[in-house]
């Protein structure tokens with residue numbers, strides 16, 4: 001037996017290895033909001049990808065529902081330090097939405113109904129990393145959680161997963177969003193604890 | 001305001017929409033200013049409404065404090081508090097008129 005027993009400090013509890021630094025587990029689903037909750041009827045909802053040349057790609061709610069969906073099970077991490085493991089969503093992969101989009105942009109600025117924005121590199125939205133999610137745990141996504149549809153980018157802090165998403169603007173140069181212009185980190189990797197500017 | 005919104009806050013059927021009045025800013029702003037900024041008058045850049053900071057609608061269940069105009073919902077003030085710094089964004093107000101004591105004016 002070695003000097004340091006593997007059990008000396010106790011085994012990690014189940015889930016600990018999935019918890020980024022500084023985070024705590026929650027079983028609830030806290031509601032964070034920087035303004036009034038938008039109520040967007042699905043018959044008036046639309047999602048628009050706008051390229052750096054101004055070309056627009058539009059989807060109505062019916063268009064979105066007609067696309068193949070996925071049911072990712074993902075861990076989510078809020079910059080206010082709660083994490084929730086194994087959340088089950090349904091939505092359309094952004095890979096599907098970007099299939100026909102012709103762009104040379106490297107950056108994305110996500111826009112929401114209500115005026116919220118958040119920015120991230122375009123590559124973080126592709127390759128199976130992001131969805132337009134419209135169901136949560138088998139139910140239609142509630143307005144307070146961003147329904148009828150929100151962006152889901154679970155590998156970044158959850159403020160990047162914009163509620164009430166209405167579109168993505170593709171940009172050649174990065175443009176910081178709502179929290180990114182108010183002290184929060186431009187990228188927001190929870191595993192590197194990139195909470196604030198300078199982290 | 002975009003059509004289809006719940007309105008200007010209050011009970012929305014799922015819980016309170018989350019705002020308090022601007023007096024909720026008193027403590028956090030006291031960390032930064034020596035005067036009570038909630039008594040200051042601000043003018044909303046978006047709609048021109050003028051009123052005391054204390055009358056703003058403050059959303060604090062968020063990564064930072066977000067104070068919105070009660071007239072048009074535009075963001076007037078944002079305050080993010082990190083462990084070693086605070087970010088105060090006032091681009092939603094044209095100016096703050098801060099009541100001052102004449103005794104405090106140096107000559």
Query - Candidate set: segment B:80-94, residues that are assigned to a strand (DSSP E or B) and more than 8 Å from every other protein chain (Cβ to nearest Cβ); chosen: the one surrounded by the fewest Cβ atoms within 10 Å (Cβ to Cβ) - result: B:94
Report summary line: Restricting attention to segment A:179-199, the residues that are surrounded by fewer than 24 Cβ atoms within 10 Å (Cβ to Cβ), within 13 Å of chain B (Cβ to nearest Cβ) and assigned to a loop (DSSP other than H, G, I, E, B) number exactly 11
Query raised in the report: Can you tell me how many residues in segment B:17-76 are within 30 Å of residue B:102 (Cα to Cα), part of a loop (DSSP other than H, G, I, E, B) and either modelled with pLDDT under 95 or more than 14 Å from chain A (Cβ to nearest Cβ) (or both)?
Result: 9
Query raised in the report: Of all residues in segment A:72-100, how many are touching a residue at least 24 places away in the same chain (Cβ under 8 Å), farther than 15 Å from residue A:19 by Cα, more than 13 Å from the chain's Cα centre (by Cα) and outside any strand (DSSP E or B)?
Result: 5
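Among the candidates B:97, B:68, B:30, single out the residue that is crowded, with 17+ Cβ neighbours inside 10 Å and either at negative phi or without any contact (Cβ under 8 Å) to a residue 40 or more places away in the chain (or both).
On the way: B:97 fails: crowded, with 17+ Cβ neighbours inside 10 Å; B:30 fails: crowded, with 17+ Cβ neighbours inside 10 Å.
On inspection, the qualifying residue turns out to be B:68.
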Query raised in the report: Is one or more of the residues making up segment A:44-52 within 14 Å of chain B (Cβ to nearest Cβ), surrounded by fewer than 19 Cβ atoms within 10 Å (Cβ to Cβ) and over 30 Å from residue A:191 (Cβ atoms)?
Result: yes
Requested in this report: Scan segment A:141-174 residue by residue and report those that are under 19 Å from residue A:196 (Cβ atoms), touching a residue at least 60 places away in the same chain (Cβ under 8 Å) and not in a helix (DSSP H, G or I).
Outcome: A:157, A:161, A:174
Query raised in the report: Looking only at residues in segment A:86-97 that are touching a helix residue (DSSP H, G or I) at 6+ places or on another chain (Cβ under 9 Å) and under 21 Å from residue A:187 (Cα atoms), which one is surrounded by the most Cβ atoms within 10 Å (Cβ to Cβ)?
Result: A:94
Query raised in the report: Looking at residue A:102, is it surrounded by fewer than 16 Cβ atoms within 10 Å (Cβ to Cβ), touching a strand residue (DSSP E or B) at 6+ places or on another chain (Cβ under 9 Å) and more than 15 Å from residue A:151 (Cα to Cα)?
Result: no
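The values are calculated or read from the model by the stated rules, or taken from the named source; none is laboratory data. From a predicted model like this one, the values you see are computed outputs, not experimental measurements. Neighbour counts are summed over all protein chains in view; Cβ atoms, including those assigned to glycine, are modelled from backbone coordinates with ideal geometry.
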